[in-house]
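Read through the structure below, which is laid out as C-alpha cells, and then see the notes.
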Amino acid sequence: MDPETARTARESLDLAFHMSNILDTGLDRHTLSVLIALCDLGLNPEALAAVVKELQREPPPSTPLSSSSSQGSNN
C-alpha cells in the first residue's frame, strides 16, 4: 500500500472512530476497523450492526469448567 493510500485509510478510520465515539457505540478502534473491512468485502452493514447489538446485549460467557460441572450435576 502506498503512503498516500495508507494515510487516507488511517484518516478514514480516525473519522469513523470519532463518529463512533460521538454515537457512544462502545466499539474500540480495532473492532471498528474489522467491521469496516467486512463491509468492504461486501457484507451487509445492517446485518453486521444487528450482530454487534446482539453481542453487546448478551452476558459474557461462563467459563467451560463451571458450565460443564453444572451440566454434570443434572445427570
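The values are calculated or read from the model by the stated rules, or taken from the named source; none is laboratory data. For clarity, every value in this text was computed on a predicted model and none was experimentally measured. Here the Cβ positions follow ideal geometry from the backbone for every residue, glycine too, while neighbour counts run over all protein chains shown.
Results for (1) among the hydroxyl-bearing types (S, T, Y); (2) at negative phi; (3) surrounded by 10 or more Cβ atoms within 10 Å (Cβ to Cβ), shown as yes or no for each residue.
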position	(1), (2), (3)
P3	no, yes, no
A9	no, yes, yes
S12	yes, yes, yes
A16	no, yes, yes
I22	no, yes, no
D28	no, yes, yes
D40	no, yes, no
Q56	no, yes, yes
P60	no, yes, no
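For (1) modelled with pLDDT of 95 or more; (2) outside any helix (DSSP H, G or I); (3) small (G, A, S), each residue gets a yes or a no:
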residue	(1), (2), (3)
M1	no, yes, no
T5	no, no, no
T8	no, no, no
H30	yes, no, no
L43	yes, yes, no
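I'm checking my understanding of the structure. Among residues of the range 13-28 that are assigned to a helix (DSSP H, G or I) and in contact with a helix residue (DSSP H, G or I) (Cβ under 8 Å, 6 or more places away or on another chain), which one is farthest from V52 (Cα to Cα)? Before you say what the answer is, go through the steps one by one.
Our first condition is that a residue be assigned to a helix (DSSP H, G or I); within the range 13-28, this holds for 13-22.
Still in the list and also in contact with a helix residue (DSSP H, G or I) (Cβ under 8 Å, 6 or more places away or on another chain): 13, 16-17, 20.
Details: L13: 18, A16: 16, F17: 15, S20: 13 Å.
The selected residue is L13.
For residues in the range 6-45 being more than 15 Å from the chain's Cα centre (by Cα) and among the acidic types (D, E), which is farthest from R57 (Cα to Cα)?
E11
Against the condition more than 9 Å from the chain's Cα centre (by Cα) and modelled with pLDDT of 90 or more, how does E58 come out, does it pass?
It is false that E58 is more than 9 Å from the chain's Cα centre (by Cα) and modelled with pLDDT of 90 or more.
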